[in-house]
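The values are calculated or read from the model by the stated rules, or taken from the named source; none is laboratory data. Everything quoted here is computed from the prediction, not taken from an experiment. A quick note on method: Cβ atoms are made from the backbone with ideal geometry, for glycine too, and the neighbour counts reach across all protein chains shown.
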Ligand SMILES: Nc1ncnc2c1ncn2[C@@H]1O[C@H](COP(=O)(O)OP(=O)(O)OP(=O)(O)O)[C@@H](O)[C@H]1O
């Protein structure tokens, strides 16, 4: 089975990491948590840079570490690519030579990624003859990622690869990361502080807190849990993968079908090819509820939903409500006053009014 099993017990003088994770063996798993929660420590354990007293790591059927059997594959023997906040390129070598250097380390029979493919995936064809000193921060990162890919890794680790970039550069590089997600068969563990990056890239979400795993599960399910601290954040909300159903040129509106549902949402956007999967994000604070379908409202998206449960919000004036929208989970943050006015109860049929849908593309 395609899976990553990672179990570590790492002790530092003032910090203990205790993690026991089963992650999907493909796609992007995001490690998310506050500063000091242990994200980098976990990544370092996986890379073998940190040797946990007790540790077990299996990547898609290959055991890289098993302390119970005294087995520990050193970092240089682990087929992984590690991308840090800032790419450390060889400054005296051109971009092309930097990339070839990554590739040379791999025995011919293990080569899985061609130079041309990596160059094309990261859009760095025009930079090949440049020296690293003449690259922007975003270009450097793309070269660093391509170099990591060219080592033909069976696992990619990225530790806040966009953290050192400004917003504009982040926006430039995210589409390339999305392409990796769509086109590469290498599982990626992605450390990030940014809910936006997680929403765009992750399939699976691991929440770390003080060295412990608070939650680990598919992105949509984990984001819609009300018992986790992320539900209390101002940016709390769900990510849904919709399928483009049509485009209305008159109103410039794109229609996206909810997964496995006859329901859809409309969003102001330029045309996108029918059938394409697109993620969108709906924040809890942008969803309000009503008993009747409001016909005299400017709100574009009114969807029939069922109340699943409610949970107190950190702000005592509010409650969080989890909804089921024909199979898709959604959150609403409403006032307790409105909750009482509506007389909400689990199982109730209700209308969700979505004030804003953010396309993540
Ligand atoms: N070699 C070490 N010796 C002692 N303590 C350490 C060591 N490495 C990390 N720590 C401590 O472990 C804790 C977790 O650090 P870690 O870097 O894993 O967190 P993080 O979630 O990645 O944080 P950030 O988001 O700020 O990078 C911190 O309190 C840190 O001080």
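The condition of being modelled with pLDDT of 95 or more and surrounded by 14 or more Cβ atoms within 10 Å (Cβ to Cβ) holds for only one of 30, 87, 52, that being 30.
Kindly indicate whether residue 92 is surrounded by fewer than 13 Cβ atoms within 10 Å (Cβ to Cβ), over 21 Å from the mean Cα position of the chain (by Cα), modelled with pLDDT of 90 or more and within 12 Å of the ligand (Cβ to nearest atom).
Here the answer is no, as residue 92 does not meet what is asked.
Of all residues in the range 202-231, those that are in the same structural domain as residue 52 (by TED's automatic domain parsing) have Cβ atoms under 6 Å from Cβ atoms of residues that are within 15 Å of the ligand (Cβ to nearest atom) and assigned to a helix (DSSP H, G or I), 6 or more apart or on another chain, in 208/39. Being over 27 Å from residue 36 (Cβ atoms), touching a helix residue (DSSP H, G or I) at 6+ places or on another chain (Cβ under 7 Å) and surrounded by 15 or more Cβ atoms within 10 Å (Cβ to Cβ) is a property that holds for residue 289.
Restricting attention to the range 292-319, the residues being surrounded by 12 or more Cβ atoms within 10 Å (Cβ to Cβ) and in contact with a helix residue (DSSP H, G or I) (Cβ under 6 Å, 6 or more places away or on another chain) number 1. Could you tell me whether any residue of the range 2-20 is within 16 Å of the ligand (Cβ to nearest atom), more than 24 Å from the chain's Cα centre (by Cα) and not in a strand (DSSP E or B)? Checked against the condition, which is being within 16 Å of the ligand (Cβ to nearest atom), more than 24 Å from the chain's Cα centre (by Cα) and not in a strand (DSSP E or B), the range 2-20 yields at least one hit. Do the conditions hold for residue 43, that is, is it part of a helix (DSSP H, G or I), within 16 Å of the ligand (Cβ to nearest atom), at pLDDT 95 or above and within 30 Å of residue 230 (Cα to Cα)? So residue 43 passes the test.
All conditions in (1) part of a helix (DSSP H, G or I); (2) touching a strand residue (DSSP E or B) at 6+ places or on another chain (Cβ under 8 Å); (3) under 14 Å from residue 29 (Cα atoms) hold for residue 145, with the sole exception of (3).
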